[in-house]
Amino acid sequence: MSDYARLADIAKLKEIVDQSTFGSQRKAAEEPCTLVKSVRKYLTQEMNKANVELLKKRAPTFDQIQVPSFGEEILLTYGTNELCRVSLGITGRGCRITAVISGPPNGYEISRREYLCKHELACSEVLATDETRLKTFAFGPEEVASDIIGSVIVGRFS
């Protein structure tokens, strides 16, 4: 037989811990990260610029999928084959943007790149790590957006 009084005490403690954890996570998420806001804005601008040129060439175009449960992610489609999932987030060490290109033939991950911003840099410059070449590149928010859109068109991060 279960001791429900003891289990009720454990459940109450768990609820208190969960609420305090949620409060600290919410506070961290409310920290302003200008990089995340800037990249979101520039991605839309770059996507629109690319679509103008792609339409002229009768090539597939970009579209953005809005999914309410993915508030910190941008989902871009290129034609009907490729999807780019851009995750925007704040970590303890700064801001992080992760771009993952998925596509044919099976929808698995084709290529990935992470862009990191340290708070000391005030998010004016981003470091992108290319794992294949083991190099780190410095980018501004406009260049991050341009790099993502260009890489999706090519089909991989170079």
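At a 10 Å Cβ-Cβ cut-off, how would you order Leu43, Leu75, fewest neighbours first?
Values: Leu43 26, Leu75 15.
Lowest count first: Leu75, Leu43.
Return Glu46, Glu109 ranked ascending by Cβ neighbour count within 10 Å, so the fewest neighbours appear first.
Sorted ascending by nearby Cβ count, the order is Glu109, Glu46.
Any read-out appearing in this document is the output of simple, stated calculations on the displayed coordinates, not a laboratory observation. Source: prediction; values computed, not measured. Neighbour counts are summed over all protein chains in view; Cβ atoms, including those assigned to glycine, are modelled from backbone coordinates with ideal geometry.
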